[in-house]
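*Asks:* I have a structure I would like to understand better, so I am pasting it below and will then ask my questions one at a time.
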Amino acid sequence: MDFALTTDGNRIAYERHPGRDPVLLVHGFATTGALTWEATGWVRALAEAGRGALVVDLRGHGASSAPHSPADYSPALLAGDLLAVLDAEALERVDAMGYSMGSWVALALVELAPGRVRRLVVGGVGTVEQFGHWGVDAVRSALLDGIGDAALAQSPLAPLLASLRQAPGVDALALAACVSGMAAHPLLLTSTVPTMLVVGDADPVTAGREEAADALHAELVVLPKRNHVTTLSARGFKQAALPFLEAADSL
């Protein structure tokens, strides 16, 4: 594992897997790069296609720095962390893939530095920002004290939030700061690069998927009988995304 130093002094952990044209992989909330992209077979699938992978731990997650102030979290700040990793690896332009919260960070990277991303795959998102939708205070409280909000207890976030309080090594204060910081900024549903949006048809987190795809001018792929967790590891996701990432630049 290597580390890139950001402009605001944070250390961002990442691992570069061998292969040509590494794909930048951006995980979602309360997980790590390895859990999201290695455990689900993505790094292996990219290697079998001859592609490398750049697997990052976002700030507040995994082995990266974990500040406790909401001011240290926003899509733009996390996108800047990705730029620090690209610079550390001397990668001028990459294909990128994000899932769930990582999709918003990847889209922010395109906005921040459009020349650094060639093609983009995003997954597990629609038009609804989940932290704000279920209540920032309720989500923070669930992380720190347990789920007490009745509406939140019925949400797609509930199993994740409940498990996090029991997971070893999780910095709940950093995750709570991430919730507040990310929710304080509007969703960025624009893309200036070729984009694909992949969702599961049983994933309530992706409400508004058609509108999101239209806003992104993205190809929409809907996987049958897949929810927010099972979409990520689906063979159909790989079968759609890998050829898309291999496509040549349009003239």
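Laboratory data are not the source of any read-out in this text; all were calculated from the coordinates shown. Bear in mind the structure is a predicted one, so any value in this text is a computation, not a measurement. We place every Cβ from the backbone using ideal geometry, glycine too, and count neighbours over all the protein chains shown.
*Asks:* Give the value in nm², to one decimal: projected area of the alpha carbon convex hull of region 1-46, averaged over all directions.
*Replies:* Working: hull surface 15.6 nm².
Average projection, Cα convex hull of region 1-46: 3.9 nm².
*Asks:* Next question. Around residue 32, under 11 Å between beta carbons, what's the net of Lys plus Arg minus Asp minus Glu among the other residues?
*Replies:* Values: positive: none; negative: 15, 38, 57.
Charge balance in the 11 Å sphere: -3.
*Asks:* Something else: Between beta-carbons, use under 12 Å as the cut-off and find the net charge around residue 203, counting Lys and Arg +1, Asp and Glu -1.
*Replies:* Working: positive: 209, 225, 226; negative: 201.
Overall, the nearby charge balance is +2.
*Asks:* So what's the back-of-envelope 222 nm ellipticity for the chain, counting only DSSP H runs of four-plus at -39500 (n - 2.57) apiece and dividing by all residues, rounded to 500?
*Replies:* Details: 11 runs with 95 residues, N = 251.
When only DSSP H runs of four or more count, the value is -10500 deg cm²/dmol.
*Asks:* So how much slack lies between residue 21 and residue 230, counting 0.36 nm per residue of separation and subtracting their Cα-Cα distance, in nm? Provide the component values of the computation, followed by the final result.
*Replies:* Working: separation 209, 0.36 × 209 = 75.24 nm, distance 2.69 nm.
Result: 72.6 nm gained on full extension.
*Asks:* Could I ask something else about it? Based on the alpha-carbon set only, what is the convex hull volume of region 1-150 divided per residue, in Å³?
*Replies:* Working: hull volume 17.6 nm³, N = 150.
Here the figure is 117 Å³ per residue.
*Asks:* What is the ratio of the Cα radius of gyration of region 208-251 to 2.2 N^0.38 Å, with N the residue count, to two decimals? Walk me through the intermediate numbers first.
*Replies:* Numbers: Rg = 12.2 Å, N = 44, 2.2 N^0.38 = 9.3 Å.
With N residues counted in region 208-251, Rg over 2.2 N^0.38 Å equals 1.31.
*Asks:* Report the relative contact order of the chain, percent, no decimals, based on alpha-carbon pairs under 8 angstrom and at least 6 residues apart. Don't skip to the answer; put the middle values down first.
*Replies:* Numbers: 508 pairs, mean separation 48.7, N = 251.
Relative contact order here is 19 percent.
*Asks:* Among 72, 171, 145, determine the one that fluctuates most according to a GNM of the chain built with springs between C-alpha atoms less than 10 Å apart.
*Replies:* Highest fluctuation among the options: 145.
*Asks:* Take the Cα pairs of region 55-112, get the Kirkwood Rh, then feed it into Stokes-Einstein at 37 °C and 0.692 mPa s and tell me D in µm²/s.
*Replies:* Working: Rh = 11.8 Å.
The Stokes-Einstein estimate is 279 µm²/s.
*Asks:* Here is a follow-up. Of 3, 180, 115, whose Cα points farthest to the positive end of the dipole of the chain (charges on the beta-carbon: +1 Lys, Arg; -1 Asp, Glu; origin at the Cα centre)?
*Replies:* 3
*Asks:* Also, quick follow-up: Any idea what the dipole of the chain comes to, in debye rounded to 20, about its Cα centre with Lys/Arg Cβ at +1 and Asp/Glu Cβ at -1?
*Replies:* Details: 17 positive and 27 negative charges, 101 e Å.
Around 480 debye, computed over the chain.
*Asks:* How long are the three semi-axes of the equivalent ellipsoid for the chain, computed from the Cα gyration tensor as the root of 5 times each eigenvalue, in whole Å, largest first?
*Replies:* Details: eigenvalues 136, 90, 56 Å².
After scaling each eigenvalue by five and taking roots: 26, 21, 17 Å.
*Asks:* Shifting gears a bit: Can you tally the net charge around residue 9? Count Lys and Arg as +1, Asp and Glu as -1, for every other residue whose Cβ sits under 15 Å from the Cβ of residue 9.
*Replies:* Working: positive: 11, 59; negative: 8, 72, 81.
Charge balance in the 15 Å sphere: -1.
*Asks:* I've got another one for you. Given a Förster distance of 35 angstrom, what is the FRET efficiency for residue 2 paired with residue 190, based on the Cβ-Cβ distance and rounded to 0.05? Intermediate values should be presented prior to the final figure.
*Replies:* On the way: r = 31 Å, r/R0 = 0.89.
The value I calculate is 0.65.
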